[in-house]
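K.L.:
Okay, here's the structure, questions in a sec.
Just so you know, all these numbers are worked out from the coordinates, no wet-lab data involved. Owing to the predicted nature of the structure, the values given are computational and were not obtained by experimental measurement. Positions of Cβ are generated from backbone atoms using ideal geometry, with glycine treated the same way; all protein chains shown enter the neighbour counts.
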């Protein structure tokens with residue numbers, strides 16, 4: 001009898017792991033249960049439809065239910081919510097859109113329930129939206145068009161808040177941000193915060209700092225300091241919570257009653273149950289500490305790990321964990337980081353700073369890049385790096401991430417051979433200059 005694999009959740013994680021398994025095993029039965037009406041969409045691309053930079057919302061879908069059913073022989077049930085798991089008998093209970101309940105059994109179960117956006121509980125809830133799935137994006141789009149929205153308020157200062165603010169401003173709307181502190185995108189170094197603030201202000205985004213929302217009315221937001229903001233629509237971007245309520249009564253271990261605990265093979269505490277995506281707690285490679293890092297590339301890598309393990313096909317080099325690499329675009333600014341959090345660093349780490357251009361200094365379209373690298377004095381390896389500047393910021397953070405993966409000492413950065421031509425790079429490559437400065441720092 002063919003083994004039966006049930007997948008809970010049909011967005012990036014669920015759809016990807018199903019496809020990966022099918023490539024390795026054309027005989028097993030694969031069934032996906034997704035509680036929403038949408039399937040296999042690019043969650044990370046949602047904000048870019050707000051400006052219509054991504055013009056066609058349909059392009060955010062990676063595949064259709066029909067394609068999975070007819071071409072990949074994978075059965076997808078939309079509007080079917082799994083409400084209970086009994087791992088003792090390998091059985092799940094499902095509730096459909098008519099509230100009728102059925103059960104299904106499995107040989108292997110894969111959890112990819114994702115997460116849901118936190119909502120602000122304040123007085124008044126007029127046109128308060130969150131942005132975490134296609135339906136919510138469509139609701140925002142509909143409200144903007146139907147009510148001729150001109151003034152939007154974003155609550156939060158993380159990457160979703162900043163991406164939404166950028167794209168709504170590019171759409172031509174008036175945008176305000178409410179920030180309970182004065183720091184933006186906390187993954188990046190504090191000393192770069194003024195660059196982020198200046199970029200927001202120079203693009204005519206109004207900033208309300210060190211305050212919180214007291215009330216949301218039809219055409220204004222009232223703050224706890226008494227200020228009012230003219231606002232026709234509010235988007236709350238204050239974080240996400242794993243959608244794991246239905247797992248809490250099962251035999252599957254959770255961390256802090258919400259994050260699914262997995263090992264290096266993405267197995268849960270129950271051997272034939274796996275998990276991936278925004279609901280899991282993964283491992284940080286630098287110190288092997290648990291970390292929640294809801295990024296799509298991690299989910300895609302974990303899908304490969306699960307697929308190979310279930311189908312008994314070998315992966316030559318299992319995952320080392322994650323290095324917490326992240327990046328965001330904010331108008332003409334790119335911000336990226338990797339490694340430990342700035343707050344986790346101690347005075348013993350050696351700090352290297354460098355400022356240079358992404359191409360030869362005489363090229364008219366050169367862009368400045370500033371980078372900060374923290375080095376562990378005991379290993380001479382990078383523990384953290386953060387950079388800000390033009391688009392090529394990603395290139396240098398990616399190189400540093402690879403150096404961390406390969407336990408490369410920073411002195412060897414002088415031997416990294418980047419491609420060079422004046423339109424593409426400086427002869428004094430930023431990555432090489434970090435190595436030279438590190439050598440000098442260790443001589444002191």
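K.L.:
Please compute one quarter of the surface area of the Cα convex hull for the range 332-443 and express it in square nanometres. Could you put the intermediate results ahead of the total?
P.N.:
On the way: hull surface 27.3 nm².
For the range 332-443, the mean projected area of the Cα convex hull comes to 6.8 nm².
K.L.:
By the gyration tensor of its Cα atoms, with a ≥ b ≥ c the square roots of the eigenvalues, what is the shape of the range 209-322: rounded for a/c under 1.5, prolate for a/b over b/c, or oblate?
P.N.:
Working: a/c = 3.06, a/b = 2.53, b/c = 1.21.
Here the range 209-322 falls in the prolate category.
K.L.:
Using only the Cα atoms of the range 170-209, build the gyration tensor, take square roots of its eigenvalues as a ≥ b ≥ c, and label the shape rounded, prolate or oblate: rounded if a/c is under 1.5, else prolate if a/b is larger than b/c, else oblate.
P.N.:
Prolate is the answer for the range 170-209, as a/c is 1.5 or above and a/b outweighs b/c.
K.L.:
Only bridges with both residues in the chain count here: give the DSSP antiparallel percent, nearest 5.
P.N.:
Counting DSSP beta bridges with both partners in the chain, the antiparallel share is about 60 percent.
K.L.:
Identify which of 176, 243, 378 has the largest mean-square fluctuation in a Gaussian network model of the chain, with springs joining Cα atoms closer than 10 Å.
P.N.:
Result for the chain, Cα springs under 10 Å: 378 fluctuates most.
K.L.:
Let me ask something else. Mind giving me the FRET efficiency for residue 292 and residue 346? R0 is 25 Å, r the Cβ-Cβ distance, nearest 0.05 is fine.
P.N.:
Numbers: r = 23 Å, r/R0 = 0.92.
FRET efficiency, residue 292 to residue 346: 0.60.
K.L.:
What does a probe at residue 225 reach in the range 158-178, counting residues whose amide N is under 14 Å from the point 7 Å along Cα→Cβ?
P.N.:
177-178
K.L.:
Moving on. Would you calculate, for the chain, the mean residue ellipticity at 222 nm contributed by helices, counting each DSSP H stretch of 4 or more residues as -39,500 (n - 2.57) and dividing by all residues, to the nearest 500? Kindly include the intermediate steps, with their values, before the conclusion.
P.N.:
Details: 9 runs with 100 residues, N = 444.
After summing the helix terms and dividing by the residues of the chain, the value is -7000 deg cm²/dmol.
K.L.:
When you count, for each residue, the other Cβ atoms within 10 Å and take the mean per peptide, how do 347-360, 425-438 rank with the highest first? Display every interim value, and only then the final one.
P.N.:
Values: 347-360: 16.1, 425-438: 19.7.
Packing order, densest peptide first, comes out as 425-438, 347-360.
K.L.:
Place a label point 7 angstrom from the Cα of residue 312 along the Cα-to-Cβ direction, then list the residues of the range 17-58 whose backbone nitrogen is under 20 Å away.
P.N.:
Counting backbone N atoms under 20 Å from the label point, the list is 20-30.
K.L.:
Still on this structure, please answer the following. What relative contact order, as a whole-number percentage, does the chain give when Cα pairs under 8 Å and 6 or more residues apart are counted?
P.N.:
Numbers: 930 pairs, mean separation 57.4, N = 444.
About 13 percent, as a whole number.
K.L.:
Something else about it: Does the range 29-187 come out rounded, prolate or oblate, given a ≥ b ≥ c as the square roots of the eigenvalues of its C-alpha gyration tensor, rounded meaning a/c under 1.5 and, failing that, prolate meaning a/b above b/c?
P.N.:
Values: a/c = 2.33, a/b = 1.85, b/c = 1.26.
Here the range 29-187 falls in the prolate category.
K.L.:
Along the Cα-to-Cβ line of residue 210, 7 Å from the Cα, sits a label point; which residues in the range 155-181 have backbone N less than 15 Å from it?
P.N.:
Once the point is set 7 Å along Cα→Cβ of residue 210, 179-181 turn out to lie under 15 Å by backbone N, inside the range 155-181.
K.L.:
Among 226-234, 330-338, what's the highest-first ranking by average C-beta atoms within 10 angstrom per residue?
P.N.:
On the way: 226-234: 17.4, 330-338: 21.6.
In decreasing order of mean packing, 226-234, 330-338 become 330-338, 226-234.
K.L.:
Once you place label points 7 Å from the Cα toward the Cβ at residue 332 and residue 416, how far apart are they in nm?
P.N.:
2.6
K.L.:
Right, another one. Have a look at 23, 384, 36 and tell me which one the Gaussian network model of the chain (Cα, springs below 10 Å) gives the largest fluctuation.
P.N.:
In this elastic network of the chain, the residue with the biggest mean-square fluctuation among 23, 384, 36 is 23.
K.L.:
To continue, here is another question. Computed from the mean reciprocal separation of all distinct C-alpha pairs, what Kirkwood hydrodynamic radius does the chain have, in Å? Could the numbers behind the result be given before it?
P.N.:
Values: mean 1/r = 0.0419 Å⁻¹.
It is 23.9 Å.
K.L.:
Given 20 °C and 1.002 mPa s, compute D for the range 143-228 with the Stokes-Einstein relation, Rh being the Kirkwood radius over Cα pairs; round to the nearest whole µm²/s.
P.N.:
Values: Rh = 13.5 Å.
After rounding, the answer is 159 µm²/s.
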